[in-house]
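See below for the structure under consideration.
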Amino acid sequence: MLRHRVARTILTATDIMRFLALLALLLSLALPAVAQDNGGIITTETSAAQDQSIATRLREILDELGDYGDVTVTVNEGVVTLRGTATSAAEAAALEPLASRVEGVVAVRNNVVETADISARLDPAMDRFRARIEQLIAFIPLALIAFTVFATIVFVGILIARLRQPWDRLAPNAFIAELYRQFIRIIFVVIGLVVALDVLNATALLSTILGAAGIIGLALGFAVRDTVENYIASVMLSIRQPFSPNDAVEINGDMGKVIKLTSRATILLSFDGNHIRIPNATVFKSRIINYSRNPERRFDFEIGIASDADLGAVRALAADTVAAQPFVVETPEPAVWIDRIGDGAIFLTVTGWIDQRETDLLRARGETLRLVKDAIEAAGVEVPDTTYRIQMLSEEEPPTAGHATARPPEAADVAATGDEQLDEIIAHEREENESGDLLSEDAPKE
């Protein structure tokens, strides 16, 4: 019984020893890994040969780099000490991580400083400058080839853009044709730029150039917004022309005859002989009255008659008188109506239509007014003067009454010749600056 208990105790002690041995083995395997994670283990064994090999290896590396001729290397117990000067602080700071990468190095003392010698600091800069000059000289032939390719492609684009066909056939006017040509030039310039950059193996610059061009274009767009707006309005007006040369128009309150339409403005000649330049953006957004587009045009005037007259008979007489004139067209018919009752008279509004290609509007209006007045007075109806006058007379000067001289009822010449001088001025202006005019007789009219 006692022997069994002793054997049992010995077995238990043996198991404990085995467990401790296994635990020691596990700890011996885990500790190097932990030490390695903390930066490595510093060995307890050192040798002068290892220090010498570290120093030799570092000197070889520094000699190969070529920028550390004044740097000395000493190694003792795995500690590297660097002394001397470097041409820049960045080069001096780069030595510490370089030396720490050599096997066996425990620590690095970097005592290298930036040199104060001007010549030593200029030598690397001069070397870099010479290297860049050599690279430039080697790059010149390739650059000449790329430039030749670019110029050739652009020249071909210019030749194609100068052709009259098909651009004149595709465009409604010369201005749009020039836009087509400019677009072709831009396309060929972009193609030439891409090919030249590909020859230089610098296609990566294309995205940078296009991005910079987009930013610059956006900035210029905001800066010249009014100019761009006028240009776009010029394109729209040249495509759908609301007027033609010599048309009598009213634009934004300005009246005159059209001289020409340029890429920036519409130029009118007022009936007083003055030039009126209206920006195309204003023309495009304004209300335009074209008095010349429709050949028939109506004139009207007002005439007063005595309040005791037969209004119906006078109205019919005025209408017949207007219709009887040779320069008044039959359709639309003349119209006469009682407009209002004024001071000392009842006023009639008389209208008639003429063909303004053959008849001058102002002459026809004035002549019709004269004939209607004569016809009404010939019928015994008074055409009163509603203007009040105050005349100061002396006792020696009795008042004298004016009398009208009898006139024949025939109409005077009212042919459309009143604007001949304006038409001559407009024709002269258009001949001098014909290339800048965007108006065309073949373009569609609004």
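The values are calculated or read from the model by the stated rules, or taken from the named source; none is laboratory data. Keep in mind it's a predicted model, so treat the numbers as computed, not measured. Here the Cβ is made from the backbone with ideal geometry for all residues, glycine too, and neighbour counts use every protein chain on show.
Assorted remarks:
- Tally, over segment 325-367, of residues that are closer than 19 Å to residue 314 by Cβ and part of a loop (DSSP other than H, G, I, E, B): 5
- Filtered by the rule that a residue be at pLDDT below 90 and buried (at least 16 other Cβ atoms within 10 Å of the Cβ), segment 240-250 gives 241, 242, 243, 244, 245, 246, 247, 248.
- Candidates are the residues of segment 74-105 that are under 58 Å from the mean Cα position of the chain (by Cα) and either assigned to a strand (DSSP E or B) or among the β-branched types (Val, Ile, Thr) (or both); the one that is farthest from residue 47 (Cα to Cα) is 87.
- Which numbered condition residue 202 misses (of (1) at pLDDT below 80; (2) assigned to a helix (DSSP H, G or I)): (2)
- A Cβ distance below 8 Å, combined with a sequence gap of six or more or placement on separate chains, defines the contacts here; from segment 74-101, residues that are on the phi < 0 side of the Ramachandran plot reach residues that are in a helix (DSSP H, G or I) and of a type in the set (D, E, K, R) in the pairs 75/51; 76/51; 82/96; 87/121; 87/123; 88/121.
- Considering each residue of segment 53-68 in turn, at least one proves to be among the polar types (S, T, N, Q) and over 30 Å from residue 198 (Cα atoms).
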